[in-house]
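The values are calculated or read from the model by the stated rules, or taken from the named source; none is laboratory data. Note that the coordinates shown come from a computational prediction; the quantities given were computed from them, not determined experimentally. Note: ideal-geometry Cβ built from the backbone for every residue, glycine included; neighbour counts use all protein chains shown. All accessible areas refer to the heavy atoms of the entire protein, side chains included, with ligands and DNA or RNA removed. Shrake-Rupley method; radii C 1.70, N 1.55, O 1.52, S 1.80 Å.
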Amino acid sequence: MEYNQPTDDDLAALVSDRAAFVDRVLSVISDEIVPLTEKGVRGGSKIFGGAVLAKHDLSTVVAVTNEETTNPLHHGEIATINAFYAIPQSDRPAAKDTIFLSTHEPCPLCLGGITWGGWDNFFYFFSYADTKDAFAIPHDIRIHEEIWSATGGAYHHKNMYWNAWHIQDLIDGLDEGTQAAFNERSDALKVTYEELSAVYQASKGTGAEIPLA
Ligand SMILES: [Zn+2]
């Protein structure tokens with residue numbers, strides 16, 4: 001599928017030290033988002049989460065998990081955007097000065113949310129294919145295809161609003177030794193999410209109304 005991808009220069013404009021960046025985003029997912037998601041899935045919400053980090057030092061502005069039991073639009077990213085904009089304007093950075101991190105590739109709703117929210121980037125850990133195959137949640141690709149005829153969920157990862165990166169692609173661009181250490185952490189995270197997914201799948205249809213469960 002042909003679609004626009006950010007270049008190495010686009011990444012370099014945002015990320016000065018790729019290994020330090022990958023180290024930080026993996027830590028934010030495992031140490032800040034996962035503990036929230038562990039609680040969320042026990043309440044019947046999905047496994048997705050997000051965070052906003054300051055561009056200048058990668059400090060966490062907000063870390064959030066999916067809240068679909070309160071409203072089916074409260075996806076991980078939308079809940080993250082809501083939490084970000086709930087911070088008084090005087091206390092928060094501008095969206096353009098922050099990194100948007102999503103555990104899973106944003107669905108069409110969340111792609112729109114990130115765009116309207118003012119971000120010029122996002123980074124995701126799991127791809128649409130992972131979400132569909134490993135987590136039995138097929139809606140992302142299906143919505144892209146049904147509504148916009150975007151086959152396979154293909155959208156422009158580089159467009160006038162933002163550039164988007166799969167974190168695995170950043171890992172794959174590192175030297176082999178560094179890659180191996182990150183892939184080990186990445187594999188451990190995948191196991192954690194399989195466990196979270198099992199809890200969510202077991203609760204499907206038993207609690208809150210989530211039309212696209
Ligand atoms: Zn979404």
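Does segment 203-213 include one or more residues that are under 12 Å from SER45 (Cα atoms) and either part of a strand (DSSP E or B) or acidic (Asp, Glu) (or both)?
Within segment 203-213 (the criterion being under 12 Å from SER45 (Cα atoms) and either part of a strand (DSSP E or B) or acidic (Asp, Glu) (or both)), the answer is yes, since at least one residue qualifies.
From the list LEU174, LEU170, LEU101, which residue is within 26 Å of THR192 (Cα to Cα) and out of contact with any strand residue (DSSP E or B) (no Cβ under 9 Å at 6 or more places or on another chain)?
Only one candidate qualifies: LEU174.
I need every pair where a residue in segment 1-27 that is within 21 Å of GLN179 (Cα to Cα) has its Cβ under 6 Å from the Cβ of a residue that is open to solvent by 30 Å² or more (accessible area, probe 1.4 Å) and in a helix (DSSP H, G or I), sequence separation at least 6 or different chains.
Every condition considered, the pairs that remain are ALA19/THR178; LEU26/ARG185.
Counting only residues that are away from the ligand (no atom under 13 Å from the Cβ) and either crowded, with 16+ Cβ neighbours inside 10 Å or touching a residue at least 40 places away in the same chain (Cβ under 8 Å) (or both), give me the helices (runs of 4 or more DSSP H) lying completely in segment 103-187 with at least 3 of them.
Details: elements: 108-117, 128-133, 139-148, 167-172.
Because the criterion is at least 3 residues that are away from the ligand (no atom under 13 Å from the Cβ) and either crowded, with 16+ Cβ neighbours inside 10 Å or touching a residue at least 40 places away in the same chain (Cβ under 8 Å) (or both), the helices (runs of 4 or more DSSP H) in segment 103-187 that meet it are 167-172.
Consider segment 43-67. How many of its residues are under 30 Å from ALA19 (Cβ atoms), more than 16 Å from the ligand (Cβ to nearest atom), touching a helix residue (DSSP H, G or I) at 6+ places or on another chain (Cβ under 9 Å) and open to solvent by less than 50 Å² (accessible area, probe 1.4 Å)?
Selection size over segment 43-67: 7.
Out of the residues in segment 84-102 that are away from the ligand (no atom under 16 Å from the Cβ) and in a helix (DSSP H, G or I), which is farthest from SER45 (Cα to Cα)?
SER90
Of all residues in segment 79-98, count the ones that are farther than 18 Å from ILE29 by Cβ and touching an Asp or Glu at 6+ places or on another chain (Cβ under 9 Å).
Counting residues in segment 79-98 that are farther than 18 Å from ILE29 by Cβ and touching an Asp or Glu at 6+ places or on another chain (Cβ under 9 Å) gives 3.
Of the residues that make up segment 68-83, is at least one of a type outside the set (Phe, Trp, Tyr), open to solvent by 50 Å² or more (accessible area, probe 1.4 Å) and away from the ligand (no atom under 16 Å from the Cβ)?
No, there is no match, as no residue in segment 68-83 is of a type outside the set (Phe, Trp, Tyr), open to solvent by 50 Å² or more (accessible area, probe 1.4 Å) and away from the ligand (no atom under 16 Å from the Cβ).
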